[in-house]
Amino acid sequence: MNDRGSPSQWSCEELIECVEDHASLAQALGSAGLGAQLLAAAQAERAQMGLVVSPARHARLQAQQRVLRQQLGDAGFDAAWAAGSAWSLQVAT
């Protein structure tokens, strides 16, 4: 067990950040569609909960979205984003 406790003890914001981090991993492993879906799920959950990201994290996420859009093309990105936006945090994890 690490110092963050079990996943059930993590805050929703920590889980959202984990989903964002997994989006980066998926993208790095060649799964840009999954990366876009995970980022969309995280953003949708943040918006639903009224959570705000730090300016630095926001800039990183925006840059990642731009790269994903380039990798997938507009239509592919929009489709992946729409699908991921419908995911719950439970589905994304």
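Looking at region 67-83, is at least one residue of a type outside the set (A, V, I, L, M), open to solvent by 40 Å² or more (accessible area, probe 1.4 Å) and outside any helix (DSSP H, G or I)?
no
Could you grab me the full set of residues in region 59-75 that are touching a residue at least 24 places away in the same chain (Cβ under 8 Å) and out of contact with any helix residue (DSSP H, G or I) (no Cβ under 7 Å at 6 or more places or on another chain)?
Listed by number, the list holds a single entry, VAL67.
Within region 40-61, track down each residue that is closer than 14 Å to LEU89 by Cβ and outside any helix (DSSP H, G or I).
Scanning region 40-61 gives a single hit, LEU51.
Across region 84-93, which residue is most open to solvent (accessible area, probe 1.4 Å) among those that are polar (S, T, N, Q) and either more than 27 Å from GLU14 (Cα to Cα) or touching a residue at least 12 places away in the same chain (Cβ under 8 Å) (or both)? Show your work before the answer.
Initially, region 84-93 is screened for residues polar (S, T, N, Q), giving 85, 88, 90, 93.
Filter again for either more than 27 Å from GLU14 (Cα to Cα) or touching a residue at least 12 places away in the same chain (Cβ under 8 Å) (or both), leaving 85, 88, 93.
On the way: SER85: 49, SER88: 51, THR93: 104 Å².
Residue satisfying both the conditions and the ranking: THR93.
Hey, any hits in region 23-39 for a residue that's touching a Leu at 6+ places or on another chain (Cβ under 6 Å), part of a helix (DSSP H, G or I), in contact (Cβ under 8 Å) with a residue 40 or more places away in the chain and more than 13 Å from SER85 (Cα to Cα)?
Yes, region 23-39 contains a residue that is touching a Leu at 6+ places or on another chain (Cβ under 6 Å), part of a helix (DSSP H, G or I), in contact (Cβ under 8 Å) with a residue 40 or more places away in the chain and more than 13 Å from SER85 (Cα to Cα).
Are any residues in region 33-60 open to solvent by less than 30 Å² (accessible area, probe 1.4 Å) and modelled with pLDDT of 95 or more, and if so, which ones?
Passing the criteria: GLY33, GLY35, ALA36, LEU38, LEU39, ALA40, ALA41, ALA42.
Which of the following residues is modelled with pLDDT of 95 or more and within 13 Å of the chain's Cα centre (by Cα): GLN27, GLN70?
Exactly one of GLN27, GLN70 is modelled with pLDDT of 95 or more and within 13 Å of the chain's Cα centre (by Cα), namely GLN27.
The values are calculated or read from the model by the stated rules, or taken from the named source; none is laboratory data. Keep in mind it's a predicted model, so treat the numbers as computed, not measured. All Cβ positions, glycine included, derive from the backbone under ideal geometry; neighbour counts span all protein chains shown. Areas reflect the complete protein model, heavy atoms only, side chains present, ligands, DNA and RNA absent. Shrake-Rupley method; radii C 1.70, N 1.55, O 1.52, S 1.80 Å.
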